[in-house]
């Protein structure tokens with residue numbers, strides 16, 4: 001590290017940070033396509049997010065969140081995501097492997113606690129409308145919705161009453177163009 005004093009011109013102000021927070025994509029990545037992943041990644045670039053983190057849900061978590069369809073093994077979905085990341089070549093997109101290391105059910109509030117403690121804020125969480133309705137039914141929803149902002153793929157046909165109550169804290173994913 002250089003210990004020499006530096007000088008700047010009188011009145012210099014550092015440039016404003018134009019990048020903001022982290023967009024967290026919380027999903028099983030089973031039924032979603034690469035087209036949707038590209039849509040979210042492009043949205044993160046358009047809105048100048050510092051990072052896009054793909055949070056891959058373990059099959060035990062998906063089972064307990066009352067998913068109707070079975071989910072394939074974690075490592076298979078992770079390999080598919082890694083291949084997409086390699087093809088995309090975007091250094092701001094990464095996979096969070098915390099749930100893969102745990103290898104068991106992880107409640108959404110534990111996952112969000114881990115993500116908000118390790119990633120720069122503000123935090124935006126992209127999830128399916130079904131997952132958002134399930135999340136809204138949990139007792140911890142009220143304490144989390146004030147700390148994170150939800151992004152949904154589209155307007156839900158039927159929204160949970162708590163999701164409807166905090167309508168100002170979520171929005172459908174709409175690109176700038």
Quiz prompt | The one condition in (1) touching a residue at least 24 places away in the same chain (Cβ under 8 Å); (2) over 25 Å from residue 174 (Cβ atoms) that residue 3 fails to fulfil | solution = (1)
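This table checks each residue for (1) touching a strand residue (DSSP E or B) at 6+ places or on another chain (Cβ under 9 Å); (2) in contact (Cβ under 8 Å) with a residue 60 or more places away in the chain; (3) surrounded by 16 or more Cβ atoms within 10 Å (Cβ to Cβ); (4) under 25 Å from residue 112 (Cβ atoms).
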| site | (1), (2), (3), (4) |
| --- | --- |
| 8 | no, no, no, no |
| 13 | no, no, no, no |
| 23 | yes, yes, yes, yes |
| 28 | yes, no, yes, yes |
| 35 | no, no, no, no |
| 52 | yes, no, yes, yes |
| 55 | yes, yes, yes, yes |
| 64 | no, no, no, yes |
| 78 | yes, no, yes, yes |
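Scanning for something out of contact with any helix residue (DSSP H, G or I) (no Cβ under 8 Å at 6 or more places or on another chain), at pLDDT 90 or above and at negative phi, does region 3-21 turn up at least one residue? Give the steps one after another, and end with the answer.
Going residue by residue through region 3-21, those that are out of contact with any helix residue (DSSP H, G or I) (no Cβ under 8 Å at 6 or more places or on another chain) are 3-21.
Right, trim to at pLDDT 90 or above and you get none.
No, because not a single residue in region 3-21 is out of contact with any helix residue (DSSP H, G or I) (no Cβ under 8 Å at 6 or more places or on another chain), at pLDDT 90 or above and at negative phi.
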Quiz item: So, in region 124-141, of the ones that are assigned to a helix (DSSP H, G or I) and touching a helix residue (DSSP H, G or I) at 6+ places or on another chain (Cβ under 7 Å), which residue ends up nearest to residue 173 (Cα to Cα)?
Solution: 132
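Would you be able to say whether some residue in region 152-166 is touching a residue at least 60 places away in the same chain (Cβ under 8 Å), over 15 Å from the mean Cα position of the chain (by Cα) and either over 29 Å from residue 74 (Cα atoms) or surrounded by 13 or more Cβ atoms within 10 Å (Cβ to Cβ) (or both)? Explain how you work it out, then say what you get.
Of all residues in region 152-166, those touching a residue at least 60 places away in the same chain (Cβ under 8 Å) come to 153.
Filter again for over 15 Å from the mean Cα position of the chain (by Cα), leaving none.
No, region 152-166 contains no residue that is touching a residue at least 60 places away in the same chain (Cβ under 8 Å), over 15 Å from the mean Cα position of the chain (by Cα) and either over 29 Å from residue 74 (Cα atoms) or surrounded by 13 or more Cβ atoms within 10 Å (Cβ to Cβ) (or both).
Need at least 2 residues that are closer than 21 Å to residue 20 by Cβ per element, so show me which helices (runs of 4 or more DSSP H) inside region 74-123 make the cut, counting only ones lying wholly within it. Outline the logic, then answer.
On the way: elements: 74-88, 98-102, 108-118.
Hits in region 74-123: 108-118.
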Practice problem: Please find, among 151, 163, the residue that is in a strand (DSSP E or B) and either touching a strand residue (DSSP E or B) at 6+ places or on another chain (Cβ under 9 Å) or over 21 Å from residue 117 (Cα atoms) (or both). | Solution: 151
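The values are calculated or read from the model by the stated rules, or taken from the named source; none is laboratory data. It should be emphasised that the depicted structure is a prediction, and the values quoted were computed from it without experimental measurement. Neighbour counts are summed over all protein chains in view; Cβ atoms, including those assigned to glycine, are modelled from backbone coordinates with ideal geometry.
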